[in-house]
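These notes are about the structure you will find just below.
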Amino acid sequence: MASKFVYMDYNATTPLRPEVKDLMKDALDVYANASSMHESGRRARAEIEKARAQVASLIDASNPQTVYFTSGGSESNNTVFMTMYHLAKQGTRKKIITTAIEHPCVLNSAKYLQEEGFPVVFLQVDDDGRIDMERYRKELGPDVLLVSVMAANNEIGTVEDIAEITRLAKENGALVHTDATQAVGKIPVSVKEWNVDYLTMSCHKIYGPKGVGALYIRQGAPIEPLIRGGHQEAGVRAGTYNNLGIIGFGKAAELAKAELDEYREHVGVLRNRLRDKIKASIPHVRINGHPEFVLPNTLNVSFPGAEGESILLYLDLAGIQVSTGSACASGSLDPSHVLLATGLGPELAHGSIRFSLGKYTTEEEVDYVAAQLPPIIERLRKMSTVSAEDTLIQH
Amino acid sequence: MDAFQWLYSDVVKDHFTNPRNVYSPDEPFEADADGIVGNIKCGDQMMFMLKIENDVIKDVRWKTYGCASAIASTSMLSESIKDMNIREAYTIKPADIAAKLGGLPENKIHCSVLGDKALRAAIDKYLEKTGRAGAFKGEDAVVICTCLNITDKDIEEAVKAGARDWHQLQEATKIGTVCGGCKVKAEELLHEFSHIYS
């Protein structure tokens, strides 16, 4: 174990913040079934409803009853796509428009609908990861059932123009979903301004516990339960309430909202510091993602000539935790689908590292990472069969 | 070996952090033969350079664009073949190296298969140079299709010649046309070799 320990993988997940942890310790005793009519049940239910209001407030939803608790982002996304499956079977609108850079749970849900015979379009993105709006406009029409575009990308941090995407979809009468798992708590998220029908969020990305998330469903938007059973969550999502997780989610959401401006300033300054130091100390690097419309905490860099998993593990030995778009780390032969979609060649995608910073990242940590990185890259490039310079030029 | 421990097995960590016999552009190395396999598009590529005297490997250097398993296993391989006869070196298999490293997790085995192939490519070149092209062919072969006595080497050659799917492989080798019992194993090899020779 290295003496230093620097966690820079906040987009993968975040640590539980102390305020949430303390509250959850007390909440361990909120054992009652929140559906029970008796006093302890009503008390538990009150805690759940408080959390619902806190989560609703974070995404600027005026009616807390539009927030439905789930087990996390994957379940929320699956619920939307299974609803579309039912609607597409019955109605005339059958087409789904999504993007090539979605999280696997959206991509695979969309592919499932495709396998079931419904038309699905995976929109391509530009070099910076923003969707091709020209193509999007052309794909819209009276046959479109759902448009699903992620609010911010987990790997490169690019933020999409959800308000404009929704406006165009609504002109065509389509439903709109956004997977805002990475956006919530990092940038302002407003279901009012975005005007979406469905919005997915996850608690463990905002310093809360894992295993809990939510789906915002605009009042009146169609929904079909993924998990059938009791009457919890107005029949939309059955299963006894996860008191502990939901209470933790509420607190995490409340704090994320209160600290949003402070957070953006903090991680933004540090992310830019890391980016500038890397550019100054390592030749032939490429910064991936949009220069302006990007999450303030995310920095994705390609180091051509050096393989990503090797970089990751040398950093790991130095106590630094990051992630990579390299195939080797994923167990498949293909590098990151997101980086490939931005037009990056596999030789640049395999050598990419994602640094995702968080509220506990310090300047000292950034400087430590910036100091550890150059000799690692130099060493790997020296033993490489591939020239860094040529790879960049060819790109 | 669990997922947390594998990198930190002392042998793997040692070879990953201090890889042996890595080629350095700062140090001149006059190789008698070299071999390169793999494709950067698939994320890994390996090159071996050999100094050979009287069919004995006297010195070795290697380069890779590859992950930790590739680096550690190639480093280990490069140590094992010094002062070894090229005929013996030709028969080294990834499993031998993985065993010397104390084992690799299942999902990391595919990362360690390039080293021995680059080594064989270098030896093949040397044999060619010394007028003995193809002399060791078949020596390290394992029979995959027992009905027709078709080996992994035959599959490898077919892939090198362009076979990329089961149908093309059958056309090239007639593999699996009797009982078909070898199909799963053969397709695994087809996939592996396609990755290396694409």
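Only one of these is under 30 Å from A:VAL189 (Cβ atoms) and more than 13 Å from chain B (Cβ to nearest Cβ): A:VAL322, A:VAL285. Name it.
From the options A:VAL322, A:VAL285, the qualifying one is A:VAL322.
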Worksheet item: Does the range B:57-78 hold any residues that are in contact with a Phe, Trp or Tyr (Cβ under 7 Å, 6 or more places away or on another chain) and facing another protein chain (nearest Cβ under 9 Å), and which are they?
Response: B:TRP62, B:LYS63, B:ALA68, B:ILE71
Practice prompt. Return the residue satisfying two criteria in turn: it lies in the range A:196-210 and is touching a residue at least 40 places away in the same chain (Cβ under 8 Å) and among the β-branched types (Val, Ile, Thr), and of such residues it is surrounded by the most Cβ atoms within 10 Å (Cβ to Cβ).
Written response: A:THR200
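Please verify whether A:GLY41 is on the phi > 0 side of the Ramachandran plot and not assigned by TED's automatic domain parsing to the domain that holds A:LEU270, treating the condition exactly as stated.
Values: on the phi > 0 side of the Ramachandran plot: no; not assigned by TED's automatic domain parsing to the domain that holds A:LEU270: yes.
When the stated conditions are applied, A:GLY41 does not pass them.
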Fill in: Single match in A:LYS89, A:LYS95, A:LYS25 (criterion: of a type in the set (Lys, Arg) and touching a helix residue (DSSP H, G or I) at 6+ places or on another chain (Cβ under 9 Å))
A:LYS95
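Restricting to the range B:112-138, name every residue that is in contact with a Leu (Cβ under 8 Å, 6 or more places away or on another chain) and either part of a loop (DSSP other than H, G, I, E, B) or under 13 Å from B:GLY38 (Cβ atoms) (or both).
Kept after step one, since they are in contact with a Leu (Cβ under 8 Å, 6 or more places away or on another chain), are these residues of the range B:112-138: B:112, B:115-116, B:119, B:122-123, B:126, B:133-136.
Across the range B:112-138, the qualifying residues are B:SER112, B:GLY115, B:ASP116, B:LEU119, B:ALA133, B:GLY134, B:ALA135, B:PHE136.
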Discussion item. When you scan the range A:39-49, do you find a residue that is at pLDDT 95 or above and outside any helix (DSSP H, G or I), even just one?
Written reply: no
Worksheet item: So which of A:THR13, A:THR98, A:THR79 is touching a residue at least 24 places away in the same chain (Cβ under 8 Å) and in contact with a His (Cβ under 8 Å, 6 or more places away or on another chain)?
Response: A:THR13
Discussion item. Tell me yes or no: at least one residue of the range B:161-182 is in contact with a helix residue (DSSP H, G or I) (Cβ under 6 Å, 6 or more places away or on another chain) and under 24 Å from B:GLY66 (Cα atoms).
Written reply: yes
Worksheet item: Among (1) in a helix (DSSP H, G or I); (2) more than 10 Å from chain B (Cβ to nearest Cβ); (3) within 23 Å of the chain's Cα centre (by Cα), which single condition is A:GLU309 missing?
Response: (2)
Item to complete: Working only within the range B:46-102, note down all residues that are touching a strand residue (DSSP E or B) at 6+ places or on another chain (Cβ under 9 Å) and among the acidic types (Asp, Glu).
Response: B:ASP55, B:ASP59, B:GLU79, B:ASP83
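Given the criteria surrounded by fewer than 20 Cβ atoms within 10 Å (Cβ to Cβ) and free of Cβ contacts under 8 Å to residues at least 12 places away in the same chain, does B:HIS191 qualify? Reasoning before the result, please.
Details: surrounded by fewer than 20 Cβ atoms within 10 Å (Cβ to Cβ): yes; free of Cβ contacts under 8 Å to residues at least 12 places away in the same chain: yes.
Against the criterion (surrounded by fewer than 20 Cβ atoms within 10 Å (Cβ to Cβ) and free of Cβ contacts under 8 Å to residues at least 12 places away in the same chain), B:HIS191 qualifies.
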Fill in: Test: B:LYS137 is touching a residue at least 12 places away in the same chain (Cβ under 8 Å) and away from chain A (no Cβ under 14 Å)
yes
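Has the range A:375-383 got at least one residue that is within 8 Å of chain B (Cβ to nearest Cβ) and either surrounded by fewer than 22 Cβ atoms within 10 Å (Cβ to Cβ) or farther than 30 Å from B:HIS191 by Cβ (or both)? It would help to see each step written out before you state the result.
Taking the range A:375-383 and keeping what is within 8 Å of chain B (Cβ to nearest Cβ), we get A:382-383.
Keeping just the survivors that are either surrounded by fewer than 22 Cβ atoms within 10 Å (Cβ to Cβ) or farther than 30 Å from B:HIS191 by Cβ (or both) gives A:382.
Within the range A:375-383, one or more residues are within 8 Å of chain B (Cβ to nearest Cβ) and either surrounded by fewer than 22 Cβ atoms within 10 Å (Cβ to Cβ) or farther than 30 Å from B:HIS191 by Cβ (or both).
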Response to the item:
Contact list, first residue from the range B:175-186 and in contact (Cβ under 8 Å) with a residue 60 or more places away in the chain, second anywhere and in a loop (DSSP other than H, G, I, E, B) and surrounded by 17 or more Cβ atoms within 10 Å (Cβ to Cβ), beta-carbon distance below 6 Å, six or more apart or interchain, is none
Fill in: Candidate set from the range B:12-25 (those that are within 7 Å of chain A (Cβ to nearest Cβ) and among the β-branched types (Val, Ile, Thr)); member that is nearest to B:LYS51 (Cα to Cα)
B:VAL22
Fill in: Enumeration of residues in the range B:31-46 that are more than 12 Å from every other protein chain (Cβ to nearest Cβ) and not in a loop (DSSP other than H, G, I, E, B)
B:ALA33
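Please work out which residue is surrounded by the most Cβ atoms within 10 Å (Cβ to Cβ), limiting yourself to the range B:47-56 and to residues that are outside any loop (DSSP other than H, G, I, E, B) and more than 7 Å from every other protein chain (Cβ to nearest Cβ).
From the range B:47-56, those outside any loop (DSSP other than H, G, I, E, B) are B:47-53, B:56; that's our starting set.
Among the residues that remain, those that are also more than 7 Å from every other protein chain (Cβ to nearest Cβ) are: B:48-53, B:56.
Working: B:PHE48: 33, B:MET49: 22, B:LEU50: 25, B:LYS51: 16, B:ILE52: 21, B:GLU53: 9, B:VAL56: 15.
Among residues in the range B:47-56 that are outside any loop (DSSP other than H, G, I, E, B) and more than 7 Å from every other protein chain (Cβ to nearest Cβ), the one surrounded by the most Cβ atoms within 10 Å (Cβ to Cβ) is B:PHE48.
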Discussion item. Considering only the range A:37-50, I want to know if a residue exists there that is surrounded by fewer than 18 Cβ atoms within 10 Å (Cβ to Cβ) and touching a Phe, Trp or Tyr at 6+ places or on another chain (Cβ under 9 Å).
Written reply: yes
Worksheet, complete the sentence: Note on the range B:79-121: residues within 12 Å of another protein chain (Cβ to nearest Cβ) and modelled with pLDDT of 90 or more are B:ALA118
Discussion item. The conditions are (1) more than 11 Å from every other protein chain (Cβ to nearest Cβ); (2) more than 17 Å from A:SER310 (Cα to Cα); (3) modelled with pLDDT of 90 or more, and B:PRO28 fails exactly one of them. Which is it?
Written reply: (3)
Worksheet item: With respect to A:ARG354, is the statement that it is of a type in the set (D, E, K, R), closer than 18 Å to B:ASP44 by Cβ and in contact (Cβ under 8 Å) with a residue 60 or more places away in the chain true?
Response: no
Fill in: Cβ pairs under 8 Å, 6+ apart, first in the range A:380-395 and more than 14 Å from A:SER302 (Cβ to Cβ) and without any contact (Cβ under 8 Å) to a residue 40 or more places away in the chain, second of a type outside the set (A, V, I, L, M) and assigned to a loop (DSSP other than H, G, I, E, B)
A:LYS382/B:SER24; A:LYS382/B:PRO25; A:MET383/B:PRO19; A:MET383/B:TYR23; A:MET383/B:SER24
Worksheet item: Does the range A:133-140 contain at least one residue that is on the phi < 0 side of the Ramachandran plot, touching a His at 6+ places or on another chain (Cβ under 8 Å) and acidic (Asp, Glu)?
Response: no
Discussion item. Scan the range A:254-275 and tell me whether some residue there is part of a helix (DSSP H, G or I), away from every other protein chain (no Cβ under 14 Å) and over 28 Å from A:GLU364 (Cα atoms).
Written reply: yes
Fill in: Boolean, A:TYR368 is among the aromatic types (Phe, Trp, Tyr), surrounded by fewer than 24 Cβ atoms within 10 Å (Cβ to Cβ) and over 25 Å from A:GLY268 (Cα atoms)
no
Discussion item. Any residue that is farther than 20 Å from B:ALA122 by Cβ and under 15 Å from the mean Cα position of the chain (by Cα) - is there at least one of those in the range B:87-95?
Written reply: yes
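The values are calculated or read from the model by the stated rules, or taken from the named source; none is laboratory data. All figures in this text were calculated on a predicted structure; none of them were measured in a lab. Glycine also receives a Cβ, built like all others from the backbone with ideal geometry; neighbour counts cover every protein chain displayed.
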